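Working notes, structure below.
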Amino acid sequence: MDATSMETVYNQAILFFALFGLMFIISFFITKRNAKKFEDENSIEARREAAKKEKLVNTFLNTSTIKILGKEATLQELTHKLNRGAINKEEYSILEQTLKAS
């Protein structure tokens, strides 16, 4: 290889890394802007409530159990858990609404 061909390889490598770096910087700022927009649209409390509800539903409402037992039996099971104190009234109402909506 002669010097001009090596210079071409080096130039291409430099251009590649410069382009890659530029794309990284642009994507960083776009992601930061979208994250800020998401935070403005969705308050922390709303996100915490949604996460709490999702965790509650995933814990107590198993889709395979609902398919096997049916909605009425699952609702009775939730009522028994409420009576035993395993879940409180607020959690019961959330689970009941989710079960009826599915």
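The values are calculated or read from the model by the stated rules, or taken from the named source; none is laboratory data. Note that this is a predicted model, so its numbers are computed, not measured. All Cβ positions, even for glycine, are placed from backbone atoms using ideal geometry, and neighbour counts span all protein chains on display. Surface accessibility is based on the protein's heavy atoms, side chains included, excluding ligands, DNA and RNA. Shrake-Rupley method; radii C 1.70, N 1.55, O 1.52, S 1.80 Å.
In table form, for the structure just shown:
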item: Solvent exposure, largest accessible area first (probe 1.4 Å, DNA, RNA and ligands not counted), of ASP2, ASP40; result: ASP40, ASP2
item: Under 30 Å from the Cα of LYS36 - lysines, other chains or at least 8 residues apart; result: LYS52, LYS53, LYS55
item: Estimated FRET transfer efficiency when R0 is 30 angstrom, pair ALA46-ILE66 (beta carbons, to 0.05); result: 0.65
item: Computed E for THR8/PHE38 - FRET, C-beta separation, R0 41 angstrom, nearest 0.05; result: 0.40
item: Kirkwood Rh, Cα atoms: Rg over Rh of the chain; result: 1.47
item: Added length on full extension, which subtracts the Cα-Cα distance from 0.36 nm per residue, MET23 to THR79; result: 14.7 nm
item: Sequence of ILE68, ILE26 from largest to smallest accessible area, 1.4 Å probe; result: ILE68, ILE26
item: Solvent-accessible area per residue for the chain (1.4 angstrom probe, square angstrom); result: 83 Å²
item: Under 16 Å from the Cα of LYS71 - aspartates and glutamates, other chains or at least 8 residues apart; result: GLU96
item: Nearest-ten-degree value, helix 71-84 long axis tilted from longest Cα axis of the chain; result: 80 degrees
item: Percent carbon-and-sulfur accessible area, the chain, ignoring ligands, DNA and RNA, probe 1.4 Å; result: 62 percent
